[in-house]
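Q: What follows is a single structure, and I will ask about it in a moment.
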Amino acid sequence: MRSLLAAFRFLTRVPLPGRPTEAGELQGAVVWFPLVGACVGAFTAGAFLLAGRLWPPSVAATLAVAAGLMFTGGFHEDGLSDAVDGLGGGFTPEKVLAIMKDSRIGAYGSMALICALLLRWALLVALGDRALLAFPLAMALGRWSIVHVLALLPPIAEGLAKEVHRKGTLGLWVGSTACALVLGVAAWRLGLPRIPWAFLAAAGASLTWAWRLKVRLGGHSGDGLGATAMLGEAAALLVWVAR
């Protein structure tokens, strides 16, 4: 239960009772990342469907994207913009990490963030009522994608990465994958198609990104993990709108 609470506290802005989460509890929290992602996706899709009762789909999707960002505090979106800024503007690992730590957002990060949010908006509009099943699983798969990078690459910065790697990641990968599979089976039983392809798309996106981080940095940082979640989520959602 402490690990589950730690996962929600780390990935969302939901106020939860109890004592503050300790750094050592973040390792077990990784197992629950897909479940937290599913809750974020359900909240976003639910906001879209509720807003759609009053406004056109385009307006409802805008409000839903904003609601999702409030739910998470834009945690992974911030990581995506910082990671793209660093990789786009830095030519050495040291320079890339320095740019990532800068609180200001540059041109590369702005373009990546705009494209990511526009894609989420467009996918909500395209999916319509199907978003209520697709978005929870896609956001679960996005958070599941993080564990692939954790398992494949060493940490190169302070934060969650180093806490997790203190005791290894194989057990975390197994637990997180089991959690994602349970959510996938639940979505399949509720009628969501193409689930194996969504898993493959999310895994492919995260492995490609892990290779890129390996080539450029030799490891991963917190911003790189946030970008992983965004890429895995988008890859899974694109499966359900493909012709």
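Q: Anything in segment 46-78 that is open to solvent by 20 Å² or more (accessible area, probe 1.4 Å) and within 29 Å of ALA157 (Cβ to Cβ)? List them, or say none.
A: Scanning segment 46-78 gives LEU69, MET70, PHE71, GLY73, PHE75, ASP78.
For every residue, the table says whether it meets (1) closer than 25 Å to TRP121 by Cβ; (2) at pLDDT below 90.
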site: ALA157; (1), (2): no, yes
site: ALA161; (1), (2): no, yes
site: TRP188; (1), (2): no, no
site: PRO193; (1), (2): yes, no
site: THR208; (1), (2): yes, no
site: LEU217; (1), (2): no, no
site: GLY226; (1), (2): yes, no
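Q: To continue, here is another question. Suppose the filter is more than 26 Å from GLY218 (Cβ to Cβ) and in a helix (DSSP H, G or I); does GLY18 pass it?
A: Values: more than 26 Å from GLY218 (Cβ to Cβ): yes; in a helix (DSSP H, G or I): no.
When the stated conditions are applied, GLY18 does not pass them.
Q: Please tell me if LEU113 is out of contact with any strand residue (DSSP E or B) (no Cβ under 9 Å at 6 or more places or on another chain) and either modelled with pLDDT under 95 or assigned to a helix (DSSP H, G or I) (or both).
A: Here the answer is yes, as LEU113 does meet what is asked.
Q: Of the residues SER81, SER110, which is within 22 Å of ALA236 (Cα to Cα) and open to solvent by less than 70 Å² (accessible area, probe 1.4 Å)?
A: Answer to the selection: SER81.
The rows are residues; the columns are (1) open to solvent by 50 Å² or more (accessible area, probe 1.4 Å); (2) under 20 Å from HIS76 (Cα atoms); (3) β-branched (Val, Ile, Thr).
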{"position": "LEU5", "(1), (2), (3)": "yes, yes, no"}
{"position": "PHE10", "(1), (2), (3)": "yes, yes, no"}
{"position": "ARG13", "(1), (2), (3)": "yes, yes, no"}
{"position": "GLY18", "(1), (2), (3)": "yes, no, no"}
{"position": "GLY28", "(1), (2), (3)": "no, yes, no"}
{"position": "VAL36", "(1), (2), (3)": "no, yes, yes"}
{"position": "THR44", "(1), (2), (3)": "no, yes, yes"}
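Q: Does ARG120 satisfy the condition of being open to solvent by less than 40 Å² (accessible area, probe 1.4 Å) and either at pLDDT 95 or above or among the charged types (D, E, K, R) (or both)?
A: Considered against the rule, which asks whether it is open to solvent by less than 40 Å² (accessible area, probe 1.4 Å) and either at pLDDT 95 or above or among the charged types (D, E, K, R) (or both), ARG120 comes out as yes.
Q: Would you confirm, using the coordinates I've provided, whether GLY232 is buried (at least 20 other Cβ atoms within 10 Å of the Cβ) and under 20 Å from VAL30 (Cα atoms)? Before you say what the answer is, go through the steps one by one.
A: On the way: buried (at least 20 other Cβ atoms within 10 Å of the Cβ): yes; under 20 Å from VAL30 (Cα atoms): yes.
In short, yes.
The values are calculated or read from the model by the stated rules, or taken from the named source; none is laboratory data. Worth saying up front: this structure is predicted, and the values here are computed from it rather than measured. In this analysis, Cβ positions are derived from the backbone assuming ideal geometry, glycine residues included, and neighbour counts consider all displayed protein chains. Surface areas here come from the heavy atoms of the whole protein model, side chains and all, with no ligands, DNA or RNA. Shrake-Rupley method; radii C 1.70, N 1.55, O 1.52, S 1.80 Å.
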